[in-house]
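The values are calculated or read from the model by the stated rules, or taken from the named source; none is laboratory data. Computed from a predicted structure; not experimentally measured. Reconstructed Cβ throughout: ideal geometry from the backbone, glycine too, with neighbour counts over all protein chains shown. These accessible areas exclude ligands, DNA and RNA; they are computed on the full protein's heavy atoms, side chains included. Shrake-Rupley method; radii C 1.70, N 1.55, O 1.52, S 1.80 Å.
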Amino acid sequence: MDELAARAAALVARRPRDARLRRVGVSRAGTPLWLLSVGRGARQALVVAGPHANEPVGGATVLRLAERALADPRLTEGADATWNLLLCLDPDGLRRNEGWLTGPYTLGRYFRHFFRPGFLEQPEWLPDGAAAAALPETRALLRLQDELKPFFQCSLHGVDVGGGFVELTRDLPGLDRRVAHAAARLGIPRELGPYDTLYWPGLGPAVYRIPPPRPRDLAAAITEAAVESTWYHPHRHGTVTAVVEAPMWGVAAVADGSPPADRDAALRAVSGALRHDTRVLRDILARVRPRLAGTPETDRLLAPVDDYLLVCPGLADAWDPDTPDPGRPLPPLSTAHLTALRIAGRRIAVRTAGLLHQLVTGADGDPAGVLPELDALIDRCCEAYRDDCQARWIPVARQVEYQARVVLAAFELAGRPRRPTRSGEPDWGTQAAVPMHRE
C-alpha cells in the first residue's frame with residue numbers, strides 16, 4: 001500500500017497539470033483510500049483496484065493505466081474522459097496478505113498466508129442495501145460513484161488458479177474478441193466456464209452478464225454474487241460495470257470447450273472430495289475453536305472459515321449428479337466447466353485450511369495437535385493444482401498487461417453509442433512494499 005501511494009504521488013509530481021491525487025475516505029484501520037485522476041474530460045471512468053484482499057494485481061494495473069492515459073491523449077482529450085483510479089479498496093486486507101506478497105510465489109506459500117475477509121466484510125457487497133452500508137470503504141466508494149456518475153466502471157479482480165474472464169452488467173459487443181486477442185498474445189488462458197457464472201448468461205467466450213440483484217440467503221449470496229453490490233449501484237447513472245479477472249496461476253484446461261469424456265464421474269469426484277474435505281475441516285475447527293481467545297484477530301480469521309464451511313454442503317449437492325433434488329439442474333457442461341469445478345472445490349478447502357493454519361500458528365503452540373493435518377491437506381491440494389491441473393505461475397508483468405488491455409478495450413466499447421435494446425428488460429442493451437508492483 002505504501003509503495004502504491006508513493007508511486008502515484010511521484011506520477012502526480014511529474015505531471016501536476018494532468019494528474020491529481022486525493023483522499024476519498026479511510027479504511028476501518030484508518031488507512032487512506034487514494035484516488036488518482038488523470039485527464040480533465042467531462043466523461044468519467046472509474047477503476048477500482050483491490051476490492052478483494054488476496055487479489056493485488058489491480059494496484060499495479062491502475063498505475064499502468066495512469067501511465068497509458070498520460071502518454072496517449074486519445075484516452076483523455078480525444079475521448080473527453082477523466083480516468084479515476086482507486087488505488088486499493090481494501091488496504092487493510094491487502095496488508096494481511098504480505099506473508100506471500102514478498103515471494104517466492106508458490107501455491108503452498110500463497111495458501112498458508114492467504115487472507116480474505118468474511119462475506120459481510122467485503123466492501124463491494126451491499127447485503128442490506130446501499131443506505132445500510134456499514135463499512136467505511138463501501139461508503140467511500142458509493143459516495144464516489146454518486147459524485148462521478150461514471151459512464152464506465154471497472155472492478156479489478158484476480159483468480160488465484162484458473163483463467164481470465166470478464167463479467168458485465170450490460171453487453172459490450174465485441175469485447176469477447178478483444179479478450180481473446182489479449183489472452184492469446186500474453187499466454188493467458190481464457191476461462192470458458194467459471195463456477196460462479198455457471199447459471200449466468202454468456203455474452204461470448206469468457207465474457208458473462210451479471211444478473212440483476214435480487215434478495216438471496218447468505219449461502220446463495222456468497223456463491224452466486226447476484227446480490228446488490230457496488231457493481232450495480234451506479235446503474236442508475238447509466239454506468240456499465242466490467243469485472244476483469246486475471247489469473248495468477250494459469251490452467252490451460254479452463255479454455256477447453258470440448259465435451260467431457262465422463263461428466264457424471266467427474267462431478268461425483270468433485271462433490272465427493274469437497275464433502276470429505278469439509279468433514280475434515282469441520283472436525284479440525286471443532287477441536288481448535290474452544291482453544292482460541294476471543295480477540296478481533298481471531299474473529300477476522302474465523303469469519304471467512306465459517307462462510308466457506310457454510311456453503312460447502314450446498315455446493316457439493318448442487319454439483320453431485322446423484323442428488324435427488326438439486327434445486328435447479330446443471331447446464332450443459334464442457335471440459336472447461338468441469339476443470340473450473342475441480343479448481344473451485346479445492347480452492348474452498350485449501351483456503352479454509354490456510355486460514356485455520358494461521359489461527360493455529362498464531363496461538364501458543366498447537367494445543368489441539370491439528371497442524372500436521374492442515375499441512376497435509378494444503379500440500380495435497382497444491383499438488384493437485386500442480387500435477388492434475390498443470391497450474392503454472394504467470395509473471396506479474398503479464399498479469400498486469402492483460403488486465404490493462406482488457407480494461408482499455410472495455411473503456412473504448414463502453415464509450416460508443418449504445419444499440420437499441422432487444423431484451424425486453426429496461427436499461428439492458430446488446431505498509432510493507434508490495435513487490436508485485438515492482439515487476
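What the table below lists for this structure:
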| quantity | calculated |
| --- | --- |
| Members of the stretch 34-81 that are under 19 Å from residue 400 (Cα atoms), acidic (Asp, Glu) and over 19 Å from the mean Cα position of the chain (by Cα) | 67, 72 |
| Matching residues, the stretch 122-132, being open to solvent by 10 Å² or more (accessible area, probe 1.4 Å) and under 13 Å from residue 28 (Cβ atoms) | 122 |
| Among the residues listed as 398, 380, 386, 392, the single one being open to solvent by 10 Å² or more (accessible area, probe 1.4 Å) and touching a strand residue (DSSP E or B) at 6+ places or on another chain (Cβ under 7 Å) | 392 |
| Flag for residue 375 being at pLDDT 95 or above and crowded, with 16+ Cβ neighbours inside 10 Å | no |
| Considering residues of the stretch 301-338 that are open to solvent by less than 30 Å² (accessible area, probe 1.4 Å) and not in a helix (DSSP H, G or I) only, the residue modelled with the lowest pLDDT | 323 |
| Filter pass, residue 361 being in a helix (DSSP H, G or I), open to solvent by 10 Å² or more (accessible area, probe 1.4 Å) and modelled with pLDDT under 95 | yes |
